[in-house]
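Working notes, structure below.
The values are calculated or read from the model by the stated rules, or taken from the named source; none is laboratory data. Fair warning: this is a prediction, and the values are worked out from it, not measured in the lab. These area figures cover heavy atoms from the full protein model, side chains too; ligands, DNA and RNA do not enter into them. Shrake-Rupley method; radii C 1.70, N 1.55, O 1.52, S 1.80 Å.
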Amino acid sequence: MSATPQTFDQVLASTYVNLADERVGTQIVSVTDEFFAPAVRMLDPKPAVFHPGKFDDHGQYMEGWESRRKRVAAGTKLDDVEEVRKFLSSRVAFFKVPKYIKIIESFAPFTTPTGKVQKFKLTETMAKELPVSSSS
């Protein structure tokens, strides 16, 4: 018997602290894009509700927040592991830069028929391929 999304949400809310909540002092420090809605809406603790016909300066009113997706320019190949490591090192804390990086050409072997990436398949495959011992 599986839990409904509401039951799952209730379990999460009663077990963990939501750190993305303005009530605990979370603030938006920087955004790259607020095309669809102001980023501060992401911190509202109330459940998002769709309001048909309600519009603001961004168009259709959204209680959540989403940025436009950033795409790599057509023809750009990210095939140099050291370039990826250098890029990450300049943007995230040193301890967040992955120790192992593998560039794959396609997610196809790791997806469902509808195209959703199955992260557990990625994890299983990488666990077999990476030079990590299981005794640590």
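Starting from the residue with the highest accessible area, list ARG23, ARG85, ARG91 in decreasing order, probe 1.4 Å.
On the way: ARG23 175, ARG85 60, ARG91 150 Å².
Highest to lowest solvent-accessible surface, that is ARG23, ARG91, ARG85.
Can you give the accessible area of LEU12 in Å² (nearest 10), computed on protein heavy atoms with a 1.4 Å probe?
Accessible area, nearest 10 Å²: 70 Å².
What whole-number value in Å² describes the accessible area per residue of the stretch 8-62 for a 1.4 Å probe?
Details: 4410 Å² over 55 residues.
For the stretch 8-62, the solvent-accessible area averages 80 Å² per residue.
Solvent-accessible area of ASP33, probe 1.4 Å, all protein chains present, reported in Å² to the nearest ten, please.
Approximately 10 Å² of ASP33 is accessible to the 1.4 Å probe.
Out of the total accessible area of the stretch 81-129 (probe 1.4 Å, heavy atoms of protein only), what percent is carbon and sulfur? Mind dumping the intermediate values first?
Numbers: 2550 of 4170 Å².
On the stretch 81-129, the fraction of accessible area on carbon and sulfur atoms equals 61 percent.
Could you state how much accessible area PHE110 has, in square angstrom rounded to the nearest 10, with a 1.4 Å probe and all protein chains kept in place?
Accessible surface of PHE110 is approximately 20 Å².
Greater than 24 Å separation of Cα atoms is the criterion. Which listed pairs, LYS96/LYS119; LYS86/LYS116; LYS46/LYS119; LYS102/LYS128; LYS54/LYS116; LYS99/LYS121, meet it? The partial results should precede the final answer.
Values: LYS96/LYS119 19 Å; LYS86/LYS116 29 Å; LYS46/LYS119 29 Å; LYS102/LYS128 13 Å; LYS54/LYS116 31 Å; LYS99/LYS121 20 Å.
From LYS96/LYS119; LYS86/LYS116; LYS46/LYS119; LYS102/LYS128; LYS54/LYS116; LYS99/LYS121, over 24 Å: LYS86/LYS116; LYS46/LYS119; LYS54/LYS116.
Please list, ordered by chain and number, the residues whose modelled amide H lies under 5 Å from the amide H of THR111; skip anything fewer than 5 residues away on the same chain.
Excluding prolines and chain starts, which carry no amide H, the hits are GLN118.
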